[in-house]
Number of protein chains: 2
Amino acid sequence: MRAVVMRNNQLVVDSVSEPTPGPGEVLVKTIVCGICGTDLHALRFAEALVGGSRRSGGIFAIDPNRDIVMGHEFCAEVVDYGPGTRKRFRVGTRVCSTPSLSRASGDEGIGYSSENPGGFGELMRLTESNLLEVPKELSSDVAALTEPMAVGFHAVTKARLEKRDVSLVIGCGPVGLSVIATLKLKGAAPIVAADLSLRRRELAVQMGADLVIDPREKSPYGVFQTGGSTRQPAVIFECVGVPGIIDEIMFNAPRDTKIIVTGLCMERDNMYLLSGLHKELNIQFALGYTGYEFADTFHNIRKGKLRLEPLITGKVGIDGVVEAFEELGSPGHHAKILVEPWRS
Amino acid sequence: MRAVVMRNNQLVVDSVSEPTPGPGEVLVKTIVCGICGTDLHALRFAEALVGGSRRSGGIFAIDPNRDIVMGHEFCAEVVDYGPGTRKRFRVGTRVCSTPSLSRASGDEGIGYSSENPGGFGELMRLTESNLLEVPKELSSDVAALTEPMAVGFHAVTKARLEKRDVSLVIGCGPVGLSVIATLKLKGAAPIVAADLSLRRRELAVQMGADLVIDPREKSPYGVFQTGGSTRQPAVIFECVGVPGIIDEIMFNAPRDTKIIVTGLCMERDNMYLLSGLHKELNIQFALGYTGYEFADTFHNIRKGKLRLEPLITGKVGIDGVVEAFEELGSPGHHAKILVEPWRS
C-alpha cells in the first residue's frame, strides 16, 4: 500500500507492506487522518521522545531506525475481518477508534509503531471491540477530530474544575482549541484564551472563548487582577510546550492556581520554584485520555454538542503531507490539516 | 534588650531597642525559640528570598540592609499588655503564637521583619488574640515545636491523602520529620522515609516511619515497584530543597504520583518535564500553614498525640547561635536546635 513513511528522520511517500489483521482485529481503509503536533515532535525529536518514553514507561516505544507510518487521528472504513471477530459492522461501515490495539500480550500503539501503521497509510488494522460506528449525519472529517478533542476533554477532566474557576488557556493550537471547546461544553465561564495568531484567536472564539488576548498587546494574566479583596480561583491550561512557558505561568499566576500542563516540551526546562512555593501552586501534567473519555468525546461530537468544522483548516492528499508538516511547523494559519491517504 | 541580629548578611549579638506593644498587642519574654532551615536560607540567600517574595506576593518582605532579629518558632511568657487588650492571661503565663501580628493595616511578620523582632531576642510583641496558653504539663521546649510541626501538618493536608496512598518522605530534616509525625498521626501507612544521615533516619523511626532507607544503599523509589499488576497510589514529600531533587523525584515516581514540594530551593531549577507528562504527575507546592492548622497542631501536641522530645537535638544560649547556624548548615547530626536568648 502507499503510505507516508518516517525514515531516517524524514518523511517520504513509498509503498509498504499491507497490515494483516490478527485475532479480534479488523482491516480498515483510512478515509482521513489528522496531523498532530506530536507527529511533528516525533519527526524532529525522535530520539528525545523515545528516550523520555522509555525511562518513564510512556507509549512512544518506537525504533526511529525502522520505518514508521504515523497518523493516529483517523476515521476509517471496514474492509475485512481477521480471525475470531464478531463481524459487528458490515464492510464499508465508517468507524473511529483509539489508536491502539488491545492484544492479549498488552496494548500496542498504532501510528507510533513500526509494526502497526497509522492513518498516513492507506490501510490499518484496528481492534474490533474498540470500534465506534460513525453515523450517516457525521462527516468523516469531523469524526477524525475525536482523538484530538479527547485530549482536551482529558485535560479539562484532570483540572477538576470548580464552579467559580476562571479558566485561562495559553496557546490556541489544536490542543488549546480542544480544551476551550470542552470548557464551553462543561459550562465553564469565563473562558479566556491567549495566542499570538489572529487566526487562532478567531478559532478560539468560535470554540467558545469569552475573551481572547494577544499577549503582545496585553498580559493574559491581567484577567486575574482584582480591584476588590475577593478573587476567583484560577486554572491555567499550558498548551504551548516550549521551554520557559511554565516559568512564565508560575511567575504570573495568582495564589493557589491549578496549572494544567499539556504541552509536550522535549527539552529540559528551567524554572524558579520559589514562585510555586510562595503561591502554593499546583501543577498537573495531562497526556492522552482514557478509552471512556474517547467514547464520551465521540458521543458529544455525534450529538452535535461540539461544532468542530472551523478547526479543519486544510486537507491534503498523500503527496501533500511533507509540505503540510512544514506549514504546521510555523504555526499561525492552521489548526488541523487532514490527510486523505488514498489520493495524491 | 540583647538579641542575635542579622546585619550585613552576618549574625551578631548586640543590644537593640525593645519592642513596644501596640493596640491589641502583648509584650512577651522569649523563653525558647527554634532555629529553622529558612533562617539559614534567609542569612545565606537574603536577596534571592526577598526578590522571590516580592515578585510572588510572599511573606519575606524584609530589607536585608536593616537589622533583623529572626526567630519564629517560639514559646514565650506574658510580660505586659499594650492598649486595647483584654488581658486574658496573667503576667507570667506561657504562650505560643503564629509568628505574625494581626493589625488593622494587614498582617505583619514576626522574625522576618526589621520592625517586629523574633525569638532570637529577649522580648517580642505578639497579638493578644493569637495567643494559645501553654498548659503546665507541656514543656516550653516542646511547645516551641508547634510552628515547625504546623508546617508538616499543612503539607500533609495539601497532599489530600487517600486511604491506599503509600507515602515516601525524601529528606528527614525538621520539615520531613514533621511530615512523618503528621502522617503517623493521621493513620497513613506505610510511611517510608529516606535520608543520608543515620541519626535522622533514627529520628524518622521515632516519629513514626515504618521503613527508612539510606539512598546510598538502595533507591527509596524501589518501594513503589510491584511484582503484580496492582499498584498503590504514591505520595512523595520533597523535604530537601536543593536543585535537581524534583527532577530526580519526577524521574523515579510511578504514574499519577502526587509530589508535595516543601523544600525551599532558592536557585533556578532544571527538570525534564516529559517524565511529568508521561506519568501525569501532580506537583503541589506547600508553604506555611493557616491559623487553624497552627491551633490544631498545638492541640495535638498538648494532648500528647505527638511525641516530639527526640527532635530537640541541641540547646544554646544567645552566644551559641552563630555556631548553631554553622552546625545546622552541614546537617546530619541535628534536627532542631533551640535558642534560650536570656542566657549566654
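Only the coordinates and a few stated rules stand behind these numbers; no lab work does. If you're wondering where the values come from, they're calculated on a predicted model, not measured in any experiment. All Cβ positions, glycine included, derive from the backbone under ideal geometry; neighbour counts span all protein chains shown.
Numbers at a glance
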quantity: Long pairs among A:K29/A:K305; B:K258/B:K279; A:K258/B:K184; B:K258/B:K305; A:K184/A:K305, criterion Cα-Cα beyond 19 Å; calculated: A:K29/A:K305; A:K258/B:K184; B:K258/B:K305
quantity: Residue among B:S139, B:L196, B:S129 farthest towards the positive dipole end of the range B:122-230, charges placed on Cβ; calculated: B:L196
quantity: Rounded if a/c under 1.5, otherwise prolate or oblate - the range A:149-275, Cα gyration tensor axes; calculated: rounded
quantity: Shielding by partners - mean other protein chain Cβ count within 10 Å, residues of A:258-265; calculated: 3
quantity: DSSP bridge orientation in the protein assembly as shown - percent antiparallel, rounded to nearest 5; calculated: 60
quantity: Rounded Å value of the spacing that divides the Cα centres of the range B:252-307 and the range A:142-158; calculated: 31
quantity: DSSP bridge orientation in chain A - percent antiparallel, rounded to nearest 5; calculated: 55
quantity: Ascending count of other beta-carbon atoms within 10 Å, so fewest first, for B:F285, A:F74; calculated: B:F285, A:F74
quantity: The range A:107-191: chymotrypsin sites (Phe, Trp or Tyr not before Pro) falling in loop per DSSP and having at most 15 other Cβ within 10 Å; calculated: none
quantity: Trypsin sites (Lys or Arg not before Pro) within the range B:286-342: DSSP coil, no more than 11 neighbouring Cβ in 10 Å; calculated: B:K303
quantity: Globularity ratio of chain B, using Cα Rg and 2.2 N^0.38 Å; calculated: 1.00
quantity: Whole-number percent relative contact order across the range A:1-102, with pairs defined as alpha carbons under 8 Å at least 6 apart; calculated: 34
quantity: Over chain A, relative contact order from alpha-carbon pairs under 8 Å, at least 6 apart, %; calculated: 19
quantity: Footprinting exposure proxy for A:Y292, B:Y289, A:Y272 (fewest neighbouring C-beta atoms within 10 Å first); calculated: A:Y292, A:Y272, B:Y289
quantity: Per-residue Cβ neighbour rank within 10 angstrom, fewest leading, A:T93, B:T257; calculated: A:T93, B:T257
quantity: Farthest positive-ward along the protein assembly as shown dipole, Cα basis, beta-carbon charges - from A:Q206, A:I337, A:P19; calculated: A:Q206
quantity: Among B:181-190, B:122-131, the order from most to least packed when residues are scored by Cβ within 10 Å on average; calculated: B:122-131, B:181-190
quantity: Average other protein chain Cβ within 10 Å of Cβ, residues A:241-253; calculated: 1
quantity: Size-normalised alpha-carbon gyration radius of the range A:201-302, reference 2.2 N^0.38 Å; calculated: 1.24
quantity: Cβ neighbours within 10 Å from other chains - mean over A:283-292; calculated: 4
quantity: Within chain B, helix-based [θ] at 222 nm, where runs of 4 or more DSSP H residues each add -39,500 (n - 2.57), nearest 500; calculated: -7500 deg cm²/dmol
